[in-house]
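Input: a single structure, listed below in structure tokens.
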Amino acid sequence: MKLMFLGPPGAGKGTQAKMTCERYGIAHISTGDMLRAEIKSGSELGLKAKAVIDAGELVSDEIIVAMVENRLKQDDCKNGFLLDGVPRTLAQAGAMEAFVKLDAVIDIEVPSEFLVDRICTRRVCVACGATYSVKTLKGTACEACGAELIQRPDDTEETVLNRIAVYDAQTKPLVEYYKNKGIVKYIDGTGEISAVFGDIAKELDKL
Ligand SMILES: [Zn+2]
């Protein structure tokens with residue numbers, strides 16, 4: 001099973017990706033983890049990427065694509081994998097055609113106003129990182145460990161709308177690209193975590 005997940009910030013993509021990988025026994029490949037592992041390994045690609053990041057620049061499509069190609073050769077990808085955050089551009093998607101053919105692209109859709117509401121009402125525990133919604137929270141402290149809850153400075157309407165705009169600009173062309181291949185599965189991401197996962201599994205069980 002070769003998958004890619006798309007979804008705006010706050011859509012719960014990370015959680016759904018993790019649950020999917022556990023259920024189907026496939027490898028979770030996120031750009032961040034992949035970059036960190038390459039840099040830590042001291043490989044030629046890792047050193048190149050580190051130099052670019054240290055200079056405050058974005059890692060090129062060429063380096064990202066080469067890293068994905070390496071990563072997919074590892075043993076844990078034999079049963080399949082889920083790409084999370086990559087490809088990010090049409091150029092990356094095109095270059096990846098040379099070594100990977102995806103079975104499905106899961107597009108988790110959540111309207112902007114829903115995302116703004118979800119993110120702006122989010123509170124995070126300073127100690128254990130648990131997240132809560134002020135709408136369902138009882139009291140003012142973390143229900144798991146009792147520590148203080150804060151609102152992340154980035155969790156404001158302005159920042160969220162900005163993040164969504166960046167995501168839309170980058171991702172819409174990608175959705176079109178995979179739609180033309182007939183492999184995009186649209187998932188309504190507004191429900192409960194378990195309900196959304198149920199919809200995803202229903203699609204994947206058909207593959
Ligand atoms: Zn806590």
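Every read-out reported here was derived from the displayed coordinates using simple, explicitly stated rules and does not represent laboratory data. Note that this is a predicted model, so its numbers are computed, not measured. No Cβ is skipped: glycine too gets one built from the backbone with ideal geometry, and neighbour counts run over all protein chains shown.
Quotient of the Cα radius of gyration of region 33-77 and 2.2 N^0.38 Å, N being its number of residues: 1.10. Measuring r between the beta carbons of residue 99 and residue 161 and using R0 = 25 Å, the FRET efficiency lands at 0.10. In plain terms, the C-alpha convex hull of region 63-161 casts an average shadow of 9.5 nm² when viewed from every direction. In straight-distance terms, cross-link reach from residue 73 covers every one of the aspartates and glutamates whose alpha-carbon lies under 18 Å from its own, apart from those fewer than eight places away in the same chain; here that gives 33, 38, 44, 62, 84, 97, 103. Once Lys and Arg get +1 and Asp and Glu get -1 on their Cβ, which of 195, 164, 180 lies farthest toward the positive end of the dipole of region 157-207? Ranked along the dipole, the leading option is 180. Taking the empirical scaling 2.2 N^0.38 Å for compact globular proteins as reference, region 1-89 has a Cα radius of gyration ratio of 1.11.
Put in line by how crowded their Cβ is, counting other Cβ atoms within 10 Å and starting with the fewest, 2, 206 read 206, 2.
Given 0.36 nm per residue, what is the gain on full extension from residue 180 to residue 47 after removing their alpha carbon distance, in nm? Working shown, then result.
Numbers: separation 133, 0.36 × 133 = 47.88 nm, distance 3.64 nm.
Roughly 44.2 nm would be gained on extension.
Applying 1/(1 + (r/R0)^6) with R0 = 25 Å to the Cβ-Cβ distance of residue 117 and residue 33 gives a FRET efficiency near 0.30. For the chain, the C-alpha radius of gyration divided by 2.2 N^0.38 Å, with N the number of residues, is 1.09. Calculate, for residue 201 and residue 148, the FRET efficiency according to 1/(1 + (r/R0)^6) with r their C-beta to C-beta distance and R0 41 Å; round to the nearest 0.05. Once the sixth-power term is evaluated, E becomes 0.65. Each of residue 88 and residue 1 was given a label point 7 Å from its Cα along the Cα-to-Cβ line. The distance between the two points is 2.7 nm.
Given an 8 Å cut-off on Cα distances and at least 6 residues of separation, report the relative contact order of the chain as a percent. Computed over the chain, the figure is 28 percent. Among 114, 5, 197, sorting on how many other beta-carbon atoms sit within 10 Å of each Cβ, with the fewest leading, yields 114, 197, 5.
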